[in-house]
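Colleague: Just dropping this structure here.
The values are calculated or read from the model by the stated rules, or taken from the named source; none is laboratory data. Note that the structure is predicted; figures quoted are calculated from it, not measured. Cβ: placed from backbone, ideal geometry, glycine included. Neighbour counts: every protein chain shown.
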Amino acid sequence: MRLLHPFALPLAALISFVACELPTAPSSKNGGEATVNAGGNAATATQGGERRVSGQLTVEVLDVGQGDAILITTPKGKRALIDGSTGNSGESPMPYLQSRGVTSLDLVIATHPHADHIGGLDEVVKTLTVKLFTDSGLPHTTKSYESLMALVESRNVTYRAASRGQSFSFDGGKIEVLHPGPTPLTGTRSDLNSNSVVTRVSWGGACMLFTGDAEEPTEAALVAGGLGQCDALKVAHHGSAHSSTPAFLAAVQPQLAMISVGEGNDYGHPDADTVTRLQKAGAKVMRTDTQGTLTLTTDGVSLTLTPERGGSPVTVRARGAGAGATTNTPTSGGATTPSSGLLNLNTASAEQLAALPGLGEKTAAAVVAYRAAHGKFKSVADLDRVEGIGPATLAKLEGLVEAR
Ligand SMILES: [Zn+2]
C-alpha cells in the first residue's frame with residue numbers, strides 16, 4: 001500500500017488512496033476535486049458566505065532565515081505546516097515547533113521541492129506524527145526530495161499531490177488549493193517555482209493567501225482564474241522581483257503582507273521595487289529578517305499581525321466579515337485588539353494610526369495631537385477636523401476604525 005514514488009502515480013489513484021484512509025471520503029467533482037478533513041475531528045464548515053468559527057486562528061511565519069516555514073494552529077490545536085526551510089542550523093523549524101509543544105501535524109504542505117522549502121522537512125517527518133503530506137506532485141530527482149519521499153513512505157504518512165479544487169476542512173476554517181491546476185505550467189523561468197502549491201486559508205470572514213515561490217506565470221493563472229481580494233498575503237518568493245506583479249496585487253489587494261527572508265541573503269531579497277509595489281497596493285509589510293517571527297491572529301472578523309521585534313502590531317478588519325460581525329472571543333489589550341475588531345481612535349497609538357490606509361506618519365501625529373488638545377473623538381466623522389483628513393481618507397477608514 002505504500003508508495004515508493006508517489007509522483008509517478010496518476011492523481012486519480014492518489015486521491016482514491018487517500019479516500020481509504022481519511023475519515024471523510026472525497027466528494028468528487030470533475031473527477032479530480034476532493035474535499036477531505038485534515039486530521040479527523042474537524043467541524044464541518046458551512047457552505048458559502050461567512051463561515052462560523054470559534055476562537056482565534058494563529059499563523060506564524062517563522063524566522064527561519066532564507067527559506068519558508070509557516071505554522072498554522074486552530075484554537076482546538078489542529079496544526080498545518082507550510083514548508084520547512086533548509087534544515088540548516090538556525091534555519092530549521094524544529095526548535096520552534098518543539099518550543100510550541102508540537103508533537104503532530106495534521107497537514108504538511110511542501111510548496112515546491114527547493115532546498116529552502118523542504119530541507120527541514122526531513123527532520124519534521126522523522127520527529128513528528130504527520131497525518132497528511134501534500135506537494136505539487138512534480139517529478140523531481142534531487143537527493144533531498146528523494147530522501148524526504150522515502151521518509152514519508154517509511155513513516156506511513158498519507159501522501160497526496162495537491163491540485164486546484166482540493167479543500168481541507170480545518171476546525172470550521174478551510175484550506176483550499178488554488179494552484180497548480182491539472183496541467184502544470186511549463187517553459188517558465190523556474191517550473192518548480194511556477195508550480196508552487198498556492199493555498200487560501202479562510203477563517204470566518206478572514207482570508208489569508210500562501211504562495212510559496214510562485215512567480216509571474218502563476219500569478220497570471222490565478223488572476224485569470226478569478227482570484228479575488230484576500231486580507232493577508234505571504235509574499236511569494238521571499239519578495240523577489242519575479243513575483244507580486246501589479247496585476248496580481250490589484251486583484252488581491254492585501255492589507256497585510258508577510259515576507260519570509262534571510263538577513264543579508266545572496267539574492268537581494270526582498271526586491272526594493274517589490275516592497276514598494278506592496279505598500280502602494282495598501283499593504284502593511286512586515287519581514288522576518290528585520291522583525292523576526294511574524295504572528296498573525298484572526299477571529300474571523302479582524303486580523304492582527306505582530307512582529308517579534310521592530311514594530312508594533314497592526315490590526316485590520318477582515319473584508320469578508322459581515323457589517324454586523326463582532327469578535328467571538330474576549331480580548332484584552334485595548335487598541336491593539338479591540339473587542340469590536342476595529343481600531344479605537346481614542347486609544348490608538350500614532351504608529352497604529354500611521355498603518356491605516358491614507359494616513360501616514362504625519363497625519364497620524366496630527367490625529368494624536370488633535371486628541372490631546374480637544375479630548376476624545378465622539379465619532380469617526382469628527383476626524384475631518386484633523387489637518388490632512390478629508391472625505392477620501394474618511395472613506396478609506398470606513399469599517400476599520402471606531403470612536404468609543
Ligand atoms: Zn524559496
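Colleague: Kindly establish whether Thr141 is away from the ligand (no atom under 15 Å from the Cβ) and in contact (Cβ under 8 Å) with a residue 12 or more places away in the chain.
Modeller: Considered against the rule, which asks whether it is away from the ligand (no atom under 15 Å from the Cβ) and in contact (Cβ under 8 Å) with a residue 12 or more places away in the chain, Thr141 comes out as no.
Colleague: Would you check which residues across the range 269-293 are in contact with a Pro (Cβ under 6 Å, 6 or more places away or on another chain) and assigned to a helix (DSSP H, G or I) and list them?
Modeller: Across the range 269-293, the qualifying residue is only Gln291.
Colleague: Quick one: count up the residues across the range 226-263 that are within 16 Å of the ligand (Cβ to nearest atom) and either in a loop (DSSP other than H, G, I, E, B) or modelled with pLDDT under 95 (or both).
Modeller: Residues meeting the conditions: 10.
Colleague: Hey, can you tell me all the residues within the range 94-110 that are part of a loop (DSSP other than H, G, I, E, B) and over 21 Å from Glu176 (Cα atoms)?
Modeller: Arg100, Gly101, Val102, Thr103 - these are the residues of the range 94-110 that are part of a loop (DSSP other than H, G, I, E, B) and over 21 Å from Glu176 (Cα atoms).
Colleague: Looking only at the range 88-101, decide whether some residue is surrounded by fewer than 23 Cβ atoms within 10 Å (Cβ to Cβ) and within 16 Å of the ligand (Cβ to nearest atom).
Modeller: Yes.
Colleague: Considering only residues of the range 170-210 that are in a strand (DSSP E or B), of a type outside the set (A, V, I, L, M, F, W, C) and in contact (Cβ under 8 Å) with a residue 40 or more places away in the chain, which is surrounded by the fewest Cβ atoms within 10 Å (Cβ to Cβ)?
Modeller: Once the filter is applied, the top-ranked residue is Lys174.
Colleague: Another question about this same structure. Is it the case, given these coordinates, that Ala69 is at pLDDT 50 or above, away from the ligand (no atom under 16 Å from the Cβ) and crowded, with 20+ Cβ neighbours inside 10 Å?
Modeller: Judged against the criteria, Ala69 is not a match.
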